[in-house]
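Reviewing the structure listed below.
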Amino acid sequence: MNKVINTVLLINFSVSVLFSQEIDFKDKALEEFKQEHYNEAVNLLERALIQSPDDAEIYYYLGFFNHYRAYDSRPLKGYDFSYSEQIFKYLDKAIELNPDYGNAKYFYGAECSGNAFVAMYNYNLEQLKYFYNLAFEKGAYPDWLLEFGRNILSSCDSNAILFAGGNADFDVCMYLQLFENFRKDITLIPIGNINRPWYVNFLKNGLTEGVRKISIDLTTLQIMDIHPFKWDTTTVDITVSQKLINKYGLNKYHTMQWVVEPDLSSERNHSKIEGEKAKKRTYLSPQRAILLQIVEDNYQNRPIFFSNMAGPSFYGGLGVFFSDCGLVSELLPFKTAKTKYQYNYKKIENLLQKSNFTYYSGIITHDIPRISGLVFNYHKAILTLAYYYKTNNDIKKAELLTEFYKKYLNIGFNTTYESIYLKELNRKFE
């Protein structure tokens, strides 16, 4: 009997040790990733996978970390498409084990996006469409997100240039253009990618039936030689379209005076000219330099919009000229703060129509946690409109807006945030 008991205890102890090793491998992998030790993190996950070959989370992190290692760290030596195929396999397995794994679907879409940019580099429309369609088929663009993309594009004027914030808004809008032919008059630009010379050249050339080109008055050599440029804070006069001058009753010589600040610096002290006091050298980053070039070369001919999902630092100081339309902001030729143009209430009202929220509730069952929070831009838009109604003592519209919120947005997706917004909404009309 004692022998049997000892054997059972030994088995239980062995299982316990193996389980703790698995947990340790996974936890250690996460810690290594946080320290930017990507190779170590991946190696630890592979060891964890041996212990638990049916753990969807391990496959997810293997896809996530390998994707990050390829695209978000320094260039990965030996990278080719076989590496991407392995990422797809990891994420496929994660989704197979957990069909509702929203973040695995997100990274599947992100990996497709990385390959789609290779297709852009090669001007290959067929490959571009293949990878965006693959992302759709894997569930990276659920109905609520497609609806969100349509609402973004519908908020822009005809013939616009739209700077997207990142994968979350750019990819779904690109899919809509490629497969639904929805608002193909708009040129989509992921603002974080304009620091890449080849992509700037791609925007200049465009892609037939895929990406509408923009004006960039630089030679190919200048584009390929993009680098940090020596720069001090300087006001740049941007030519304004005649349409905007007429619309806002501006002087015919009016220009948009954009104060462009440097966004890079070094510890090097430097003086540009003899007799000038030396100071730390500041620079215009490639991203901001190209943003300046695009705005300068296109604003007199095309309306320009920015996704409200982008980080303010990407705007390069242009935020003072924004007219908030809910999901996007239009670039106006004058400062808008504390003017009637700071918000475009008509566009916000057009956004907040029940027809634009047909699929919104689907976010509960098709949640993609890494990006689902972007829908709270809808909630912010409602509060903006609520304040406007309160200011104008439009009680009837205020009440209707509150009911609209309760019916279409207060759905139990994130009860904490929803209760905060509802409380604030009600407070505005006390």
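I'd like the antiparallel share, as a percent to the nearest 5, of DSSP beta bridges with both residues in the chain. In the chain, approximately 70 percent of DSSP beta bridges are antiparallel ones.
Taking a point 7 Å out from the Cα of Ser313 in the direction of its Cβ, the residues of the stretch 260-281 whose backbone N falls within less than 12 Å of it are 263-265. Return the percentage of antiparallel bridges among DSSP beta bridges fully within the stretch 143-348, rounded to the nearest 5 %. Here the antiparallel bridges make up roughly 70 percent for the stretch 143-348. Once both labels are positioned 7 Å from their Cα atoms along Cα-to-Cβ, the gap between Asp157 and Ser361 label points is 3.8 nm.
Can you sort Trp198, Trp258 so the residue with the fewest Cβ neighbours within 10 Å comes first? Provide the component values of the computation, followed by the final result.
Details: Trp198 12, Trp258 22.
Fewest-to-most ranking of Trp198, Trp258: Trp198, Trp258.
Our coupling estimate for the stretch 360-366, obtained by passing each phi through the Karplus curve with A = 6.51, B = -1.76, C = 1.60 and θ = phi - 60°, is 4, 5, x, 5, 5, 8, 10 Hz, Gly and Pro reported as x.
Counting Lys +1, Arg +1, Asp -1, Glu -1, what net charge surrounds Leu91 among other residues with beta carbon under 15 Å of its beta carbon?
Numbers: positive: Arg69, Lys89, Lys93, Lys105, Lys138, Arg370; negative: Asp55, Glu57, Glu85, Asp92, Glu96, Asp100, Glu111, Glu137.
Here the count lands on -2.
Here, P(r) means the percent of Cα pairs in each 10 Å bin from 0 to the largest distance; for the stretch 143-348 it is 8, 32, 35, 18, 5, 1, 0.
Can you tell me, using C-alpha contacts under 8 Å and at least 6 residues apart, the relative contact order of the stretch 75-147 as a whole percent? Intermediate values should be presented prior to the final figure.
Working: 47 pairs, mean separation 19.1, N = 73.
With pairs under 8 Å counted, the relative contact order is 26 percent.
Does anyone have the angle between helix 56-71 and the longest principal axis of the chain? Alpha-carbon axes, 0 to 90°, nearest 10? Value to nearest ten degrees: 50.
Its Cα centre serving as origin, the chain has a Cβ charge dipole (Lys and Arg +1, Asp and Glu -1) of approximately 1500 debye. Of interest is the spacing of the C-alpha centroids, which for the stretch 77-93 and the stretch 366-430 amounts to 41 Å. Peptides 180-193, 386-399, 71-84 ranked from most to least packed, by the mean per-residue count of other Cβ atoms within 10 Å: 180-193, 386-399, 71-84. Cβ crowding within 10 Å, taken as a proxy for footprinting-reagent exposure, orders Val42, Val240, Val320 from fewest neighbours to most as Val320, Val42, Val240. Neighbour counts of other Cβ atoms within 10 Å put Asp143, Asp169 in the fewest-to-most order Asp143, Asp169.
By how many nm would the segment from Lys77 to Ile50 lengthen if fully extended, with 0.36 nm per residue of separation less the alpha-carbon distance? Show your work: numbers first, answer last.
Numbers: separation 27, 0.36 × 27 = 9.72 nm, distance 2.60 nm.
Length difference between fully extended and current span is 7.1 nm.
For a Förster distance of 25 Å, can you work out the FRET efficiency between the beta-carbons of Glu349 and Asn246, rounded to the nearest 0.05? Rounded to the nearest 0.05, the efficiency is 0.55. When the distances between all Cα atoms of the stretch 21-137 are binned every 5 Å from zero, what whole-number percent does each bin get? Per 5 Å bin, starting at 0, the Cα pair percentages come out as 2, 12, 21, 22, 20, 12, 6, 3, 1, 0. Holding the Cα-Cα limit at 21 Å, pick out from Lys243/Lys347; Lys252/Lys347; Lys243/Lys346 the pairs that are longer than that. Exceeds cut-off: Lys252/Lys347.
Efficiency by 1/(1 + (r/R0)^6): what FRET value for Asp237 and Ala337, r their Cβ-Cβ distance, R0 = 22 Å, to the nearest 0.05? Could the numbers behind the result be given before it?
Numbers: r = 20 Å, r/R0 = 0.91.
Between Asp237 and Ala337 the formula returns 0.65.
Can you show me the helix-derived [θ] at 222 nm for the chain, built from DSSP H runs with n ≥ 4 at -39,500 (n - 2.57) apiece and divided by the number of residues, rounded to the nearest 500.
Details: 16 runs with 221 residues, N = 430.
Value at 222 nm, helices only, nearest 500: -16500 deg cm²/dmol.
Loop-located trypsin sites (Lys or Arg not before Pro) across the stretch 247-331 with a Cβ neighbour count of 12 or fewer within 10 Å are Lys252, Lys272, Lys277, with loop assigned by DSSP. Here's the picture: charge each Lys and Arg Cβ at +1 and each Asp and Glu Cβ at -1 in the chain, and of Phe65, Tyr121, Gln222 the one pushed furthest to the positive end of that dipole is Gln222.
Using 1/(1 + (r/R0)^6) with R0 = 45 angstrom and r between the beta carbons of Ala278 and Glu36, what's the FRET efficiency to the nearest 0.05? Present the calculation step by step, with values, prior to reporting the outcome.
Working: r = 35 Å, r/R0 = 0.78.
Between Ala278 and Glu36 the formula returns 0.80.
Short-range pairs are left out: with C-alpha atoms under 8 Å and at least six residues apart, the relative contact order of the chain is 12 percent. Please work out the C-alpha center-to-center distance from the stretch 321-361 to the stretch 187-219 and express it in whole Å. Comparing the Cα centres of the stretch 321-361 and the stretch 187-219, I get a distance of 26 Å.
All of the numbers you see were taken from the coordinates with simple rules; none came from a lab. Bear in mind that the values here come from a model prediction, so they are computed numbers and not experimental data. Reconstructed Cβ throughout: ideal geometry from the backbone, glycine too, with neighbour counts over all protein chains shown.
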